[in-house]
Each structure stands twice: as structure tokens, then as C-alpha cells.
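Shown next, in C-alpha cells, is the structure this report addresses.
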Amino acid sequence: MWIYLNDRFVHDHEAVISVFDHGFLYGDGVFETMRSYGPRLFMRDRHLSRLFQSADAIGIKIPTPLAQWADILHEALVRNEVGNDHQDAYVRITISRGVGEIGLDPALCSSPTVVVMTKPLVPPASCLYDHGVTVKVASTKRNLPSALPPRIKTTNFLNNILAKQEAIAGNAFDSLLLNWEGHLTEGTTSNLFFVRDGRLSTPALDCGLLNGITRQVVIQLAEELHLPFEEGYFTVDQLYQADECFLTNTSMEILPVVAVDNRRVGSGAPGPLTRKLQARFIQSRARLSEPPTSS
């Protein structure tokens, strides 16, 4: 596997980062994950824009100019023989504060560390889309937005990991996190949508959640389909009363949820509005994906 490290491509066994890197020491960094449909990266430019916004929010200046990223990503796909007509790609970009002496002062690090990894995409099994997944509400609460703004896609994922451990222990596909006021926020790596009385609902950003790229796309598709839609402050009890539910992220797209805390959602099968949005999403992949390079 070829890894892009700082300013060049190296083999994976040469992709070594110092133990003094503040990403390792303190989780001080940001990241983005993308996927391709063939050679076209889904919402590439919006992912890159969010990467730069996250880095700027914590005071990291990404050394690679935005204009160069399309070519770097294209070369990463070509070198690893993914992102082609035979194999969709998974892409991970990580930017850490960089190498420096032990201490919290960002000035200790002279230059950020830049890493790009690409590999074959392994989406959820098709049976999960056919039959849906189960989730549970975690006891772990979502970070306070005033303590760690959710718009920053940080490499410090301990909050999510603790909630994921709860899901694994409960034999659930994922956990849903509540905020400090008991309102629904999101899954460990996904956004949450549900349907009640024909209306599509999703937690508002003010609840303390990441404005996922696929979340934004689903809202756009709902508008195109003229579906009743609302963002708001929702409780677990309201979710228990839902007729349909699904999770969204870049890799899984739209994944139906058929049970929450062992309570059946609706009929216990993926619902018609979920199926309608899934079909619209599939139809829209090409127009929502960028060409291989900036040229």
C-alpha cells in the first residue's frame, strides 16, 4: 500500500510517525473520510472544505494548498489500484499538529503531519440494507458543544469509542448518543433520521452533532422529493414512536434501523420513505461526485 506522508508517497512500512507527534500524544488533529464511486470521489470538494475548516478552527495551517488536493487524492487511488471501474475506494485524510516536545502549547510543533490512506471500500453487508440494523441509546453522553465544538472533526474520538463499546456489549450495530439535556444527537459515526406520520426528522445541529456531508445530501434529496421535513430537539420517547429510522454517513449511505433498545421501529422492516430516499440517493451518486482530478 502507498501512503501519502507529508509531501511524498511512501510504502506503508515506511509510513512512520514520531512518538512525539501531538496527534499521538494528545489526539491533537483533524481528519476526513471519503469514498469513491469508481474513480469519482463522493462530495470531494465539500469534504476538503470541511477538513480545512476543522484545521483552521484548532489553529492548524494545512501545508498542502487546497488546489493540490484533487491531484494528490487521484494519485493515491491510482497507486493503490482502487477508485476504478472494478473497486470503489475508501480514503482517509489525517492532519495532526505535528512533532514537538511534550506539552500542550501548539507552538511546540513546527509543522503539521499530513497523511492520506486509501484502500478498497468495504460497505455494510447487503443483508443489513434488506433487513435493517438495531441500535441502542448509550449511557455515554455527547460532548458539550461549548467544550468541544462538534463542527470540528477531531481525531480525538474517545467519546464515540465509549459509546461504540456499549453497542458491542449490547449486540447492537451502533449506539445513539444523547446530549447534556437528554436530546438525541447522532450515532458514533453517523447521523440519525427518523419518520413520524410521514414527516422526516433529524436532530438540529444545536443539539451538538457533526453536520455530516451525507446528512446534508439527504436533506437536499428530501427537499427535491418535497418530503415534509424538520430539524429539532427530540427525545428517546419520540424516537420509540417512529414509523421508520435510518443512519447516514459517507460509507454506509442510508442504512435502515429496525429496532431501538430492543423496541421495534414501525413494522420492524425498512420503511417506504427510507426506500424512496435510498433510491434517490443511488440515482444522485454521479452528480454528487467529483471527477478524478482538479483538471
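The values are calculated or read from the model by the stated rules, or taken from the named source; none is laboratory data. Treat the numbers as computed from the prediction; the structure is a model and nothing was measured. Positions of Cβ are backbone-derived with ideal geometry, glycine not excepted, and every protein chain shown enters the neighbour counts.
A few points about this structure:
Yes or no, residue by residue, for (1) surrounded by 18 or more Cβ atoms within 10 Å (Cβ to Cβ); (2) within 26 Å of Ile102 (Cα to Cα):
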position: Met1; (1), (2): no, no
position: His11; (1), (2): no, no
position: Ala15; (1), (2): no, yes
position: Ser36; (1), (2): yes, no
position: Arg44; (1), (2): yes, no
position: His47; (1), (2): yes, no
position: Ala70; (1), (2): yes, no
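- Residue pairs meeting the criteria (Cβ under 6 Å; at least 6 apart or on separate chains; first touching a residue at least 12 places away in the same chain (Cβ under 8 Å), in segment 1-14; second assigned to a strand (DSSP E or B) and among the β-branched types (Val, Ile, Thr)): Ile3/Val10; Tyr4/Val116; Leu5/Val115; Asn6/Val114
Quick grid of which residues meet (1) on the phi < 0 side of the Ramachandran plot; (2) touching a helix residue (DSSP H, G or I) at 6+ places or on another chain (Cβ under 6 Å); (3) of a type in the set (Asp, Glu); (4) modelled with pLDDT under 95:
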site: Phe229; (1), (2), (3), (4): yes, yes, no, no
site: Val236; (1), (2), (3), (4): yes, no, no, no
site: Glu244; (1), (2), (3), (4): yes, yes, yes, no
site: Ile254; (1), (2), (3), (4): yes, yes, no, no
site: Val257; (1), (2), (3), (4): yes, no, no, no
site: Ala269; (1), (2), (3), (4): yes, no, no, no
site: Leu273; (1), (2), (3), (4): yes, no, no, no
site: Ser284; (1), (2), (3), (4): yes, no, no, no
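- Those residues of segment 141-166 which are in contact (Cβ under 8 Å) with a residue 24 or more places away in the chain and assigned to a loop (DSSP other than H, G, I, E, B), in sequence order: Arg142, Asn143, Leu144, Pro145, Pro149, Pro150, Arg151, Ile152, Lys153, Thr155, Asn156, Phe157
- Among strands (runs of 3 or more DSSP E) entirely within segment 1-111, having at least 2 residues that are over 20 Å from Thr155 (Cβ atoms) singles out 8-11, 29-37, 40-42.
- Within segment 178-232, being in a loop (DSSP other than H, G, I, E, B) and more than 25 Å from Ser289 (Cα to Cα) holds for Asn179, Trp180, Glu181, Gly182, His183, Asp197, Gly198, Ala204, Gly208, Pro228.
- Comparison of Ala242, Ala259 shows that the only residue that is part of a loop (DSSP other than H, G, I, E, B) and either surrounded by 21 or more Cβ atoms within 10 Å (Cβ to Cβ) or touching a strand residue (DSSP E or B) at 6+ places or on another chain (Cβ under 6 Å) (or both) is Ala242.
- Segment 202-225: number of residues that are farther than 15 Å from Ile254 by Cβ and hydroxyl-bearing (Ser, Thr, Tyr): 0
- Selection from segment 112-140 of residues that are surrounded by fewer than 18 Cβ atoms within 10 Å (Cβ to Cβ), without any contact (Cβ under 8 Å) to a residue 60 or more places away in the chain and not hydrophobic (A, V, I, L, M, F, W, C): Pro120, Ser126, Ser139
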